[in-house]
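The values are calculated or read from the model by the stated rules, or taken from the named source; none is laboratory data. Treat the numbers as computed from the prediction; the structure is a model and nothing was measured. Please note: Cβ atoms are built from the backbone with ideal geometry, for glycine as well, and neighbour counts cover all protein chains shown.
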Amino acid sequence: MCSMRLAIWHEQAVDGGCCRATSRPWQTVYWWFRRFVRRLVFRTIHDITLMLDRERAEGEQSPTAAVMENQSIKAPAAEKRGFDAGKKVVGRKMHIAVDTDGRLLMVNLTAADISDSAGAQAIIAAVRKRWPWLKHPFAEGAYDRTRLMDAATYQDFVLEIIRRSDKELGLKVLPERWVVERTFGWTTRWKRLIRDYEQRIDVSEAMIHVALGSLMLRNIVHP
C-alpha cells in the first residue's frame with residue numbers, strides 16, 4: 001500500500017477536563033487524501049499561499065523570473081524508477097522551477113534516468129499556464145541543449161544559462177542558482193521527503209506541495 005498510511009487519526013476533544021480520542025481507519029483518511037490529490041487541492045492551496053507570500057514580501061503576486069534545477073532522490077517504493085548514472089542513484093528525479101526567493105512554482109517528477117533538459121522541457125511547456133507573467137528562467141550549463149533552448153524560444157522565454165567558471169577553484173556561489181539549492185534544503189527538513197517513499201508520482205507531488213506550502217504559511221503568520 002502507499003506509504004500515506006495513517007494507522008489512526010486522533011481527534012482530541014476536551015470533555016469535563018478529560019481528553020477523549022476518536023479514531024478513523026487509515027483507509028478512510030487515505031480515501032479523502034486521494035480525493036484531494038485528484039482535485040489538485042494541495043497544489044491550489046500551495047499556489048494561493050505562494051501569491052500571498054509574494055505579495056507580502058515583494059508586492060507582486062506573479063513572478064517574472066524563475067530558476068530551474070533538478071535533484072535525484074532514492075525512491076524504494078516507486079512504481080517506475082530509473083538509474084541516474086551521474087549521481088549513482090536509483091529512484092526518481094525531481095525537476096523544479098522556483099522564483100528568485102526559492103518558492104516552488106512547478107515540480108515535474110520523472111524516473112531518475114530522464115535527462116535534465118528533457119525534464120525541464122515539460123516545465124517550460126506548462127509553467128506559463130499557472131504563472132502567465134513568467135518570462136526569464138535561469139538554469140545551469142546542463143540545460144544548454146538545443147531542444148530545450150528551441151522549446152524556450154517557441155514559448156517566448158528568455159532562457160539564461162549560468163555557468164561555473166573553470167578558472168575558479170573551490171566552492172563558488174553562483175548568482176540566482178543558489179536559491180534553488182536552498183529550496184531542496186527546505187524539502188529535506190521534512191522527514192518524509194528525505195527519500196521518495198511514495199508509489200505514485202501524484203502523491204509525491206502532493207507531499208512536496210504540502211511541505212513547501214506549510215513553510216510559506218508559517219512565514220505569512222509569523223513574518
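Do any residues in region 87-108 that are without any contact (Cβ under 8 Å) to a residue 24 or more places away in the chain have Cβ atoms under 9 Å from those of residues that are assigned to a strand (DSSP E or B) and among the β-branched types (Val, Ile, Thr), where the two are at least six apart or on different chains, and which pairs are they?
Val89/Ile73; Asn108/Ile96
Any idea which of (1) at pLDDT below 90; (2) in contact with a strand residue (DSSP E or B) (Cβ under 8 Å, 6 or more places away or on another chain); (3) assigned to a loop (DSSP other than H, G, I, E, B) is the one Ile161 doesn't satisfy?
In the conditions (1) at pLDDT below 90; (2) in contact with a strand residue (DSSP E or B) (Cβ under 8 Å, 6 or more places away or on another chain); (3) assigned to a loop (DSSP other than H, G, I, E, B), Ile161 misses (3) alone.
Can you name the condition, by its number, that Gly17 falls short on among (1) modelled with pLDDT under 95; (2) surrounded by 11 or more Cβ atoms within 10 Å (Cβ to Cβ)?
(2) is the only condition that Gly17 fails.
Starting from region 166-191, keep only residues that are more than 11 Å from Ala211 (Cβ to Cβ) and loosely packed, with under 13 Cβ neighbours inside 10 Å, then list their pairs with residues that are of a type in the set (A, V, I, L, M) and at pLDDT 65 or above whose Cβ atoms are within a distance under 7 Å, requiring at least 6 positions of separation or different chains.
So the pair list comes out as Pro175/Ile162.
So, in region 53-99, exactly how many residues are under 15 Å from the mean Cα position of the chain (by Cα) and not in a strand (DSSP E or B)?
Here the count works out to 1.
So which of Arg130, Arg103 is surrounded by 21 or more Cβ atoms within 10 Å (Cβ to Cβ), within 20 Å of Gly59 (Cα to Cα) and basic (Lys, Arg)?
Unique residue meeting the criteria: Arg103.
Scanning region 51-83 for residues that are in contact with a helix residue (DSSP H, G or I) (Cβ under 6 Å, 6 or more places away or on another chain) and within 21 Å of Glu181 (Cα to Cα), which turns out surrounded by the fewest Cβ atoms within 10 Å (Cβ to Cβ)?
Gln71
Within region 101-138, count every residue that is more than 11 Å from Asn70 (Cβ to Cβ) and assigned to a loop (DSSP other than H, G, I, E, B).
Qualifying residue count, region 101-138: 9.
Kindly indicate whether Arg43 is in contact with a helix residue (DSSP H, G or I) (Cβ under 6 Å, 6 or more places away or on another chain) and modelled with pLDDT of 95 or more.
Yes, satisfied.
Residues to consider are Asp156, Asp150; find the one that is at pLDDT 90 or above and at positive phi.
Being at pLDDT 90 or above and at positive phi holds for just one of Asp156, Asp150, which is Asp156.
Among (1) closer than 18 Å to Asp101 by Cα; (2) in a loop (DSSP other than H, G, I, E, B); (3) not basic (Lys, Arg), where does His209 come up short?
Against the list (1) closer than 18 Å to Asp101 by Cα; (2) in a loop (DSSP other than H, G, I, E, B); (3) not basic (Lys, Arg), His209 comes up short only on (2).
Hey, among the residues in region 191-206 that are assigned to a helix (DSSP H, G or I), in contact with a strand residue (DSSP E or B) (Cβ under 9 Å, 6 or more places away or on another chain) and aliphatic (A, V, I, L, M), which one's farthest from Arg54 (Cα to Cα)?
Ile201
For the structure I just gave you, tell me whether Ile124 is under 23 Å from Ala57 (Cα atoms), hydrophobic (A, V, I, L, M, F, W, C) and touching a helix residue (DSSP H, G or I) at 6+ places or on another chain (Cβ under 7 Å).
Answer is no for this residue.
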